[in-house]
Amino acid sequence: MNWRAIGCGTLAIVVFLGVGLFGMSLAFSRLEGCPDRLQWGDRAYLPAGTPAAEPSFPDGSPVEIGFTFIGLTTRQVWGPPGSAPSKAAADRPGRIFLDCADGTVQAFAAASAAP
């Protein structure tokens, strides 16, 4: 038996598991609440206002425009009436609502249009 190989292999397994568990703890720690910045493709959004019970826009009912990943979960995104899902930043609305996974939604504004 080569004790050096066994020791190095055991150390490698411990380090691999430790790094994996640390990474999972970071991913699971963001399961509830809204982030302080939302990156959607090549466009950044910043929070606007305080969390609310449901999304609302002054010009009508919000429409579902997609989902985004936060940690290991997906969160629903709503846009203003007439908006639609798009992969191009120029087609995305300047103001959106994001599900916070804690019973509230948060309004976000595009970083260039944030208050």
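The values are calculated or read from the model by the stated rules, or taken from the named source; none is laboratory data. Predicted, not measured: the structure shown is a model, and the values here were computed from it. When we count neighbours, we look across all protein chains shown, and the Cβ atoms used for this are built from the backbone with ideal geometry, even at glycine. Surface areas here come from the heavy atoms of the whole protein model, side chains and all, with no ligands, DNA or RNA. Shrake-Rupley method; radii C 1.70, N 1.55, O 1.52, S 1.80 Å.
For the stretch 93-105, taking the residues that are under 17 Å from residue 44 (Cα atoms) and over 14 Å from the mean Cα position of the chain (by Cα), the one that is most open to solvent (accessible area, probe 1.4 Å) is identified as 95. For the stretch 93-115, name all the residues that are part of a loop (DSSP other than H, G, I, E, B) and modelled with pLDDT of 90 or more. 104, the sole residue that qualifies. Taking the criterion of being outside any loop (DSSP other than H, G, I, E, B), surrounded by fewer than 16 Cβ atoms within 10 Å (Cβ to Cβ) and among the hydroxyl-bearing types (Ser, Thr, Tyr), would at least one residue in the stretch 76-92 satisfy it? Scanning the stretch 76-92 turns up no residue that is outside any loop (DSSP other than H, G, I, E, B), surrounded by fewer than 16 Cβ atoms within 10 Å (Cβ to Cβ) and among the hydroxyl-bearing types (Ser, Thr, Tyr).
Across the stretch 36-48, the number of residues qualifying as surrounded by 15 or more Cβ atoms within 10 Å (Cβ to Cβ) and more than 10 Å from residue 108 (Cα to Cα) comes to 2. Taking the stretch 54-63 as the range and being open to solvent by 100 Å² or more (accessible area, probe 1.4 Å) and under 19 Å from the mean Cα position of the chain (by Cα) as the test, only 54 passes.
Yes or no, residue by residue, for (1) open to solvent by less than 90 Å² (accessible area, probe 1.4 Å); (2) assigned to a strand (DSSP E or B):
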{"residue": "5", "(1), (2)": "yes, no"}
{"residue": "12", "(1), (2)": "yes, no"}
{"residue": "23", "(1), (2)": "yes, no"}
{"residue": "33", "(1), (2)": "yes, no"}
{"residue": "50", "(1), (2)": "no, no"}
{"residue": "66", "(1), (2)": "yes, yes"}
